[in-house]
């Protein structure tokens, strides 16, 4: 499951709610953050995205601390990769398995369902995503 549906020449990807995948982009003040496996500000996926970067999340201090503790430091800038580092409130396309790991440890960030790719459901239950929806 790659989260897309075929419609002639238009191969659009779907969200976990079954409608078109919306961008996972933050507001104007953090324009330097570009997210998504393809760096298109959407949680699009494909056969080359082995990490399944499909969960659109709102970063929290708790999650960023957790992620750093398990070896994935998302808060420290890496200038050579044009990565400014994430902070609380930023939006980011997270790997489905990392979100599940954070969920199981009680550190899952909020999820933007309209921007979370349908492919996520191959790893995470929809009911768990809904429990952590930012749209409550």
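The values are calculated or read from the model by the stated rules, or taken from the named source; none is laboratory data. All values derive from a computational prediction rather than experimental measurement. With ideal geometry, Cβ positions are generated from the backbone for all residues, glycine too; neighbour counts draw on all protein chains shown.
The single condition from (1) in contact with a helix residue (DSSP H, G or I) (Cβ under 7 Å, 6 or more places away or on another chain); (2) surrounded by fewer than 22 Cβ atoms within 10 Å (Cβ to Cβ); (3) at pLDDT 95 or above that residue 124 fails is (2). Restricting to segment 7-27, and then to whatever is assigned to a strand (DSSP E or B) and modelled with pLDDT of 70 or more, can you tell me which residue is nearest to residue 131 (Cα to Cα)? Looking at residues that are assigned to a strand (DSSP E or B) and modelled with pLDDT of 70 or more, I get 15.
Selection over segment 72-97 of residues that are under 16 Å from residue 52 (Cβ atoms) and touching a residue at least 40 places away in the same chain (Cβ under 8 Å) gives a count of 6.
Of the helices (runs of 4 or more DSSP H) that lie entirely inside segment 30-136, those containing 3 or more residues that are closer than 21 Å to residue 17 by Cα span 96-104, 126-131. Of all the criteria given as (1) crowded, with 18+ Cβ neighbours inside 10 Å; (2) at pLDDT 90 or above; (3) under 14 Å from the mean Cα position of the chain (by Cα), the one not satisfied by residue 89 is (1). A residue that is within 19 Å of residue 133 (Cβ to Cβ), crowded, with 16+ Cβ neighbours inside 10 Å, modelled with pLDDT under 95 and in contact with a strand residue (DSSP E or B) (Cβ under 7 Å, 6 or more places away or on another chain) cannot be found anywhere in segment 42-56.
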